């Protein structure tokens, strides 16, 4: 039985040595992940001139890169940290879908649970960046290619076959819902059934977190938490967090609060973690994917909710200093832990 409060009582305040042990223990740990697959496409150019046809900047095309985005970014983060993601999802038979599958395959990520839907447009966020040849490119505009999928019998059968192969292998599973249809609440019990005994089911949902029943942990950001509550967190953070945790029916609630850090809510306890690193960030794109990926992988490695939250805090502080959709390696996480050994001591508890 997943018992987060008991895990914290057993382990106490995490030491640097314990956190480093957990990073090592992450290596090869499987995590089942039902996600909305998104492609982040970055098109970069060098300013050429102002158009004579309209008051717009003309760029000379320099490069184009596709990176796993959305739930696919959470999968990529687990892999980058040395874990073994086992993804379920849907892509289209288009360029973005082929590129995502190729990227996963090149990184050694199992793609047998990723269905290819004919005629479906893989959700793609296209960012146009411009800047001098030797300067950092800045985002000028973004457009989204969006399509929603209604899971059919073939996709569901593919998911079932993959889950049967993976049954009992993982101690953590992730639902990463961006609203594109692949992450249906009715599938949550199937993921739980595929977990090893005592495994934890974690959920990150952009728009409908309350629809996912019987989850063990949720990782909304502050804005999502406020939308669910119908009020701001700032007035009574501890009370609001506990109310939301009870409303969602989960044992663990981790609310990410940007430059204010994170807040972890358990039954009878709440811990507020300061942000790792500087509050002046480079890019917050995909930081939430890093948080749930790290939290899930640390949980799979045997970490308590507080230990997993601390590792996610360190990881989030690293990726927001990178441009674009980013991941971090286990080595980068180790460096962050060693560079800020006092972070656990700066945790404040409810009422303190």
Hits in the range 83-109 (condition: within 20 Å of the chain's Cα centre (by Cα), crowded, with 19+ Cβ neighbours inside 10 Å and either outside any helix (DSSP H, G or I) or at pLDDT below 95 (or both)): 83, 84, 85, 86, 87, 88, 89, 90, 91, 109
Unique residue being in contact with a helix residue (DSSP H, G or I) (Cβ under 9 Å, 6 or more places away or on another chain), closer than 23 Å to residue 71 by Cβ and either buried (at least 22 other Cβ atoms within 10 Å of the Cβ) or at pLDDT 95 or above (or both) when the list is 228, 264: 264
Residue list for the range 206-232, restricted to those being more than 18 Å from residue 268 (Cα to Cα) and in a loop (DSSP other than H, G, I, E, B): 206, 207, 208, 212, 213, 214, 215, 219, 220, 230, 231, 232
Those residues of the range 110-144 which are closer than 11 Å to residue 94 by Cβ and buried (at least 16 other Cβ atoms within 10 Å of the Cβ), in sequence order: 116, 117, 120, 121, 122, 123, 124
Residues satisfying the stated conditions in the range 302-322, i.e. surrounded by fewer than 22 Cβ atoms within 10 Å (Cβ to Cβ), over 30 Å from residue 129 (Cα atoms) and under 16 Å from the mean Cα position of the chain (by Cα): none
Candidates 196, 182, 170, filtered to the one that is under 16 Å from residue 293 (Cα atoms), assigned to a loop (DSSP other than H, G, I, E, B) and modelled with pLDDT of 95 or more: 170
Test for residue 111: is it farther than 30 Å from residue 305 by Cβ and in contact (Cβ under 8 Å) with a residue 40 or more places away in the chain: no
Filter result for the condition that a residue is in contact with a strand residue (DSSP E or B) (Cβ under 8 Å, 6 or more places away or on another chain), surrounded by fewer than 23 Cβ atoms within 10 Å (Cβ to Cβ) and either at pLDDT 95 or above or within 27 Å of residue 38 (Cβ to Cβ) (or both), over 335, 285, 299, 325: 285
Filter pass, residue 142 being free of Cβ contacts under 8 Å to residues at least 60 places away in the same chain and part of a helix (DSSP H, G or I): no
Counted residues, the range 34-54 - those being closer than 25 Å to residue 146 by Cβ and surrounded by fewer than 16 Cβ atoms within 10 Å (Cβ to Cβ): 0
Qualifying residue in the range 55-72 (condition: in a helix (DSSP H, G or I), surrounded by fewer than 19 Cβ atoms within 10 Å (Cβ to Cβ) and at pLDDT 95 or above): no
Hits in the range 148-157 - residues which are within 24 Å of the chain's Cα centre (by Cα) and either more than 15 Å from residue 35 (Cα to Cα) or not in a loop (DSSP other than H, G, I, E, B) (or both): 155, 156
Residues within the range 320-347 that are part of a helix (DSSP H, G or I) and free of Cβ contacts under 8 Å to residues at least 40 places away in the same chain, tallied: 4
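Let's see how each residue does on (1) within 30 Å of residue 86 (Cα to Cα); (2) within 18 Å of the chain's Cα centre (by Cα); (3) without any contact (Cβ under 8 Å) to a residue 40 or more places away in the chain:
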position	(1), (2), (3)
18	yes, no, no
31	yes, yes, no
38	yes, yes, no
53	no, no, yes
57	no, no, no
60	no, no, yes
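The values are calculated or read from the model by the stated rules, or taken from the named source; none is laboratory data. Predicted, not measured: the structure shown is a model, and the values here were computed from it. Backbone-built Cβ (ideal geometry, glycine too); neighbour counts: all protein chains shown.
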